[in-house]
Amino acid sequence: MMGLLRTMMPHKVQLLAVLAFGLALLFMENQIQRIEESREVLERTMARHEGAESEPWKGGAGGQVTPSLSEADDVVVIYNRVPKTGSTSFTNIAYDLCGRNGFHVLHINTSKNNPVLSLQDQVRFVHNVTSWSEMKPAFYHGHVVYLDFSKYGVEGKPVYVNVVRDPVERLVSYYYFLRFGDDYRPGLRRRKQGDKKTFDECVATGGPDCAAEKLWLQIPFFCGHHSECWTVGSRWALETAKANLVRQYLLVGLTEELEDFVMILEAVLPRFFRGATQLYRTGKKSHLRRTSEKKPLAPETLSRLRRSEVWKMENEFYLFARDHFHFVRAHAVREQDGVVSVLPQSFFYEKIYPKVS
């Protein structure tokens with residue numbers, strides 16, 4: 001057939017046809033070669049990221065390598081711990097790891113355990129945290145309410161983390177803690193020691209230590225230093241606390257799911273928490289702390305507390321925090337055959353221009 005076409009076509013047309021066919025072959029070979037080169041680059045990139053697993057990308061502007069959030073030596077983490085949410089259990093993990101991982105742990109001890117700082121102390125604290133280079137990287141912890149560093153004209157903001165708990169369980173735990181202490185320092189005399197009244201009896205007689213207003217604590221801890229944060233039942237305080245939880249905190253965990261909280265923190269902040277999950281699971285358990293003499297609530301006591309507007313708002317905040325943590329957890333870990341593990345990095349970069357020779 002091709003021979004018949006050649007005999008029918010003029011000589012010049014034959015030459016043009018051969019030339020066009022040759023150019024087409026060259027173009028196709030060039031395209032195939034480019035596809036092969038792109039495939040090799042992609043494979044190298046994927047292999048590099050798969051090998052690094054969950055380690056974050058550290059490429060800076062202009063191709064320079066800059067420390068990431070998880071490994072930088074000037075990172076400051078603040079855990080403004082809410083009382084009776086498992087805070088001592090968690091901070092003891094930090095104390096166990098600080099020597100091994102090379103960071104400092106500092107306890108913020110306030111006068112009379114007042115969680116609200118004066119304006120002058122706010123300025124002092126912000127200055128200390130941001131400029132005390134000898135203490136960096138640092139993990140600060142204490143019963144202090146949220147403080148917005150952006151208000152004070154300083155460079156660099158700390159990384160906030162926290163843990164929340166069911167509001168009734170938290171209040172009941174605190175009630176018995178003030179009377180009987182815990183297994184962490186069993187010989188220490190507590191403020192309400194000697195008061196044998198149960199929480200049920202306190203609610204039935206209208207005692208001040210078990211009043212619904214005492215539930216108002218997790219909201220102001222996340223709301224901050226504004227006066228409205230401490231107005232019991234304030235809707236503004238509730239919405240501000242929600243906004244701060246999502247926008248200002250790297251991670252907020254749950255007391256009843258503390259291991260998952262530790263696991264995710266180890267993945268995102270290995271500079272501080274490398275080895276934390278293994279320590280939590282198999283360590284000497286010195287980080288575990290339990291309130292003594294705590295008794296279960298009668299159904300009528302729980303029902304009475306849940307009728308209050310304060311409980312409804314604190315519970316709304318708790319459920320908001322719980323849902324957000326579960327959302328983060330669902331995208332951060334996987335569970336297979338009862339074993340929970342952190343997911344490896346699931347993104348990489350491509351089509352990077354201009355090309356690097």
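For segment 248-269, check the following and say yes or no: at least one residue is in a helix (DSSP H, G or I), of a type in the set (V, I, T), open to solvent by 30 Å² or more (accessible area, probe 1.4 Å) and under 27 Å from D73 (Cβ atoms). Among the residues of segment 248-269, at least one is in a helix (DSSP H, G or I), of a type in the set (V, I, T), open to solvent by 30 Å² or more (accessible area, probe 1.4 Å) and under 27 Å from D73 (Cβ atoms), which makes the answer yes. Considered as a group, the residues in segment 215-229 that are surrounded by fewer than 17 Cβ atoms within 10 Å (Cβ to Cβ) and of a type outside the set (S, T, Y) include one that is nearest to R306 (Cα to Cα), and that residue is E228.
Scanning segment 271-292 for residues that are modelled with pLDDT of 95 or more and either open to solvent by 40 Å² or more (accessible area, probe 1.4 Å) or farther than 19 Å from D96 by Cα (or both) gives a single hit, R274.
One residue stands out among those in segment 124-182 that are in contact with a Cys (Cβ under 8 Å, 6 or more places away or on another chain) and outside any loop (DSSP other than H, G, I, E, B): the one that is modelled with the lowest pLDDT, which is Y175. Selection of first residues in segment 337-357 that are hydrophobic (A, V, I, L, M, F, W, C) and of second residues that are open to solvent by 100 Å² or more (accessible area, probe 1.4 Å), restricted to Cβ pairs under 7 Å at least 6 apart or on distinct chains, gives the following pairs, ordered by first then second residue: L343/R334. Filter segment 230-244 for residues that are within 19 Å of the chain's Cα centre (by Cα) and either of a type in the set (A, V, I, L, M) or modelled with pLDDT under 95 (or both); which is surrounded by the fewest Cβ atoms within 10 Å (Cβ to Cβ)? In this case the residue turns out to be A243. K295 - would you say it is modelled with pLDDT under 95, over 25 Å from the mean Cα position of the chain (by Cα), charged (D, E, K, R) and open to solvent by less than 90 Å² (accessible area, probe 1.4 Å)? Taking the combined requirement at face value, the residue satisfies it.
Answer yes if at least one residue in segment 186-197 is modelled with pLDDT of 95 or more and either open to solvent by 30 Å² or more (accessible area, probe 1.4 Å) or not basic (K, R) (or both), and no otherwise. Within segment 186-197, not a single residue is modelled with pLDDT of 95 or more and either open to solvent by 30 Å² or more (accessible area, probe 1.4 Å) or not basic (K, R) (or both). Within segment 124-151, if we keep just the residues that are within 21 Å of the chain's Cα centre (by Cα) and under 16 Å from D73 (Cα atoms), the residue that is surrounded by the fewest Cβ atoms within 10 Å (Cβ to Cβ) turns out to be K136.
Please find, within segment 298-311, the residue that is farthest from E169 (Cα to Cα) out of those that are open to solvent by 90 Å² or more (accessible area, probe 1.4 Å) and not in a loop (DSSP other than H, G, I, E, B). Ranking the qualifying residues of segment 298-311, first place goes to E309. If you go through segment 109-123 one residue at a time, how many are surrounded by 10 or more Cβ atoms within 10 Å (Cβ to Cβ), part of a helix (DSSP H, G or I) and aliphatic (A, V, I, L, M)? Qualifying residue count, segment 109-123: 1. Taking segment 329-357 as the range and being hydrophobic (A, V, I, L, M, F, W, C) and surrounded by 12 or more Cβ atoms within 10 Å (Cβ to Cβ) as the test, the residues that pass are A332, V333, V340, V342, L343, F348.
The values are calculated or read from the model by the stated rules, or taken from the named source; none is laboratory data. Note that this is a predicted model, so its numbers are computed, not measured. Virtual Cβ from ideal backbone geometry, glycine too; neighbours counted across all protein chains shown. Side chains included, ligands, DNA and RNA excluded: accessible areas come from the protein's heavy atoms. Shrake-Rupley method; radii C 1.70, N 1.55, O 1.52, S 1.80 Å.
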